[in-house]
Amino acid sequence: MAVSPVLVIKTVGDSAVCVRARLYDDFVEHEIVLNSVLAYWWANNLPPVVKFLELFESVIKRTINELMPHKGLKLKYELKANNDLEKASDLEISLIEIEADDVGFKIDGKQLILKGLSKVSEEFEASEVVKTVEKTIETPDIVLKKYQEMNK
């Protein structure tokens, strides 16, 4: 019986999101420290939900690539936000499928809920956004080569 790699997503209190990839006894883990990134996004008037999604996808890619160097990472998830992504402050991500070069990951902690990402307390008309995101993130050849050389 083949063992599937596992991706674990969990929150650490209200201050961080932990992304861990594990295969047998090997694992790689990275944290997104929310206070730091939110302060930066707020100071630079960047949309926190949009920037968090970019960072979250990037951290998943990096974490899995450090465990299992791969060319393409397929992500499929559903997101719900309390407004247009540019204005939203609450975000719910439900991971559906993750594959690295056609190797499927078992997902532990499929749902991530974040509230209060926006510092703006504007009154806005409720316009909940629900959508499914499917994308493939490619690893540049130079990065892939570096990881392959490190794992020789």
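Within region 101-111, restricting attention to residues that are in contact (Cβ under 8 Å) with a residue 60 or more places away in the chain and more than 20 Å from V17 (Cβ to Cβ), which residue is most open to solvent (accessible area, probe 1.4 Å)? Going through the qualifying residues, I end up with V103.
What do you reckon, is L114 aliphatic (A, V, I, L, M), surrounded by 14 or more Cβ atoms within 10 Å (Cβ to Cβ) and more than 26 Å from D141 (Cα to Cα)? Spelling it out, L114 is indeed aliphatic (A, V, I, L, M), surrounded by 14 or more Cβ atoms within 10 Å (Cβ to Cβ) and more than 26 Å from D141 (Cα to Cα).
Does region 86-100 contain at least one residue that is within 30 Å of D26 (Cβ to Cβ) and of a type in the set (D, E, K, R)? Break it down into steps so the answer makes sense when it comes.
Residues of region 86-100 within 30 Å of D26 (Cβ to Cβ): 93-100.
Pick out the ones that are also of a type in the set (D, E, K, R) and you get 97, 99.
Yes - at least one qualifying residue is present in region 86-100.
The values are calculated or read from the model by the stated rules, or taken from the named source; none is laboratory data. Because the structure is a prediction, the values reported are computed rather than measured. Cβ coordinates were reconstructed from backbone atoms using ideal geometry, including for glycine residues, and neighbour counts include every protein chain displayed. What goes into the accessible areas is simple: the full protein's heavy atoms, side chains included, and nothing from ligands, DNA or RNA. Shrake-Rupley method; radii C 1.70, N 1.55, O 1.52, S 1.80 Å.
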